[in-house]
Amino acid sequence: MPRDSFNREIDYLRISVIDNCNLRCVYCMPLEGLRFLPREELLTPAEIELVVRAAVSVGFRKFRLTGGEPTLRADLLEIVERLAAVPGLGDLALTTNALLLPKLAMPLKAAGLKRINVHLDSLNPLTVERQMRWGSFARVWEGIMAAEAAGLVPIKLNAVVAAGYNEEDVVDLAALTIARDWHVRFIELMPLGGGECATLSIKRYVSNIETRRRIEVALGPLMEFESSNPSDEARNYRLPGASGVVGFISPVSEPYCGTCNRMRLTADGKFHLCLLNDDEMDVRKAIRTGGGMEAVARILVRAVELKPTGHHLLEGRSTRDRSMYQIGG
Ligand code: SAM
Ligand code: SF4
């Protein structure tokens, strides 16, 4: 398994397959001024497979498809099929807003996808419309139900908490875990890309200390338990008598750089060394100028060696060149 210069074992690759999205969450994508990658700049299914084969050859085991909204890729099923067939690949998951899952959940499962994380910020339809824009709670919910029926489990929900939007709604979201064996995770806002979404992310930031307090006041004490995965970015808890898990992902109030195990691949084929930094290494160029699996593996090992640690979120700084929808979260 590759280790970086801080002795962290890096075995998890998050693959962004597209930068476009069918939602416009207030902290992620502005309504105007966006330009998306033309199709020829996106890695093809065969190129993504090549990167994954190279990653497996150097010890990567876990893979996640993300975006933008990955379900907007017309060839998503081909991508999943190709990756699921790579010998030695361990976990293959997808992060999505679930809008297209009613149609896609079953075919994705059949193609070899193991599980999904769904992004949903509230159970209140009015909050969803205001915060995630363009979508609706009913459609996301339908997508979650389709995923569960297809066996893409355990269902994990991700909610980004923003002051003046959904900070009151965290209680209802956490309460979902009482009867359901789902994981509901609360994510602190991070300012990426330097534009209006970054500004909003600083202004509307809510600490998970506050979110946890709000949940405990309403639903009782949260009991911590060990995750089976030491590099899980969430701190996990259970409500009294609950079947599911409440998790807190707190990059700002409780940074977890020390246990980071991930590398990122952008939709235009760059290894992005850390979510909160701008450093990248071009792998698409190597592939398109004739480089095969060994060349890709060499670039990946170098990218791991150069992976930085630490961030400047507390000073309100992170990436300037890329936004969240361009890196994949
Ligand atoms: N569209 C999919 C989705 O929303 O799950 C996948 C891509 S999205 C960029 C991945 C994750 O990034 C989502 O869980 C979303 O909530 C999170 N995210 C986006 N902008 C964020 C921000 N400013 N701070 C923290 N998390 C953010
Ligand atoms: Fe789209 Fe996901 Fe960004 Fe929301 S967080 S705008 S669903 S990419």
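The values are calculated or read from the model by the stated rules, or taken from the named source; none is laboratory data. From a predicted model like this one, the values you see are computed outputs, not experimental measurements. Cβ: placed from backbone, ideal geometry, glycine included. Neighbour counts: every protein chain shown. Surface accessibility is based on the protein's heavy atoms, side chains included, excluding ligands, DNA and RNA. Shrake-Rupley method; radii C 1.70, N 1.55, O 1.52, S 1.80 Å.
Miscellaneous remarks
- A cut-off under 12 angstrom between Cβ atoms defines the neighbours of Thr127, and their net charge, with Lys, Arg +1 and Asp, Glu -1, is -4.
- Average projection area in nm² (convex hull over Cα atoms of the stretch 1-147, one quarter of hull surface): 9.9 nm²
- Anchor Lys114: aspartates and glutamates whose Cα lies under 13 Å away (excluding residues fewer than 8 positions away in-chain): Glu81, Asp91, Glu148
- Choice from Met293, Met223, Met190 with maximal GNM fluctuation in the chain (Cα, 10 Å cutoff): Met223
- Cross-link pairs beyond the 31 Å C-alpha cut-off, checked among Lys109/Lys203; Lys103/Lys307; Lys203/Lys285; Lys156/Lys270; Lys109/Lys270: Lys109/Lys203; Lys103/Lys307; Lys203/Lys285
- Whole-angstrom Cα spans of the chain along principal axes, big to small: 58, 43, 42
- Cysteines not pairable in the chain (beta carbon separation under 4.7 Å absent): Cys21, Cys197, Cys257, Cys260, Cys274
- If you take all other residues with their beta carbon under 12 Å from the beta carbon of Arg53, and give Lys and Arg +1 and Asp and Glu -1, the sum is -2.
- For the chain, the per residue solvent-accessible surface stands at 41 Å², with DNA, RNA and ligands left out and a 1.4 Å probe.
- Sparse-neighbour loop sites [chymotrypsin sites (Phe, Trp or Tyr not before Pro); the stretch 50-142; at most 15 other C-beta within 10 Å; DSSP]: Trp134
- Stretched out straight at 0.36 nm per residue, the stretch from Arg302 to Tyr256 would grow longer than its current Cα-Cα span by 14.3 nm.
- Across the stretch 7-43, the residues whose backbone nitrogen lies under 15 Å from the label position 7 Å along the beta-carbon direction of Glu196 are 24-35.
- Residues of the stretch 50-65 with amide N under 15 Å of the 7 Å Cα→Cβ point at Met293: 50-61
- The stretch 14-171: relative contact order as a whole-number percent, Cα under 8 Å and 6+ apart: 23 percent
- Legend: calculated FRET efficiency, Val217 to Glu40, from the Cβ-Cβ distance at R0 = 45 Å, rounded to 0.05, equals 0.30.
- Inter-site label distance for Ser243 and Phe6 at 7 Å from Cα along Cβ, in nm: 3.8 nm
- Environment charge of Gly292, counting only residues whose C-beta is closer than 11 Å and scoring Lys/Arg +1, Asp/Glu -1: +1
- Among the protein heavy atoms of the chain, carbon and sulfur supply 53% of the accessible surface, probe 1.4 Å, non-protein parts ignored.
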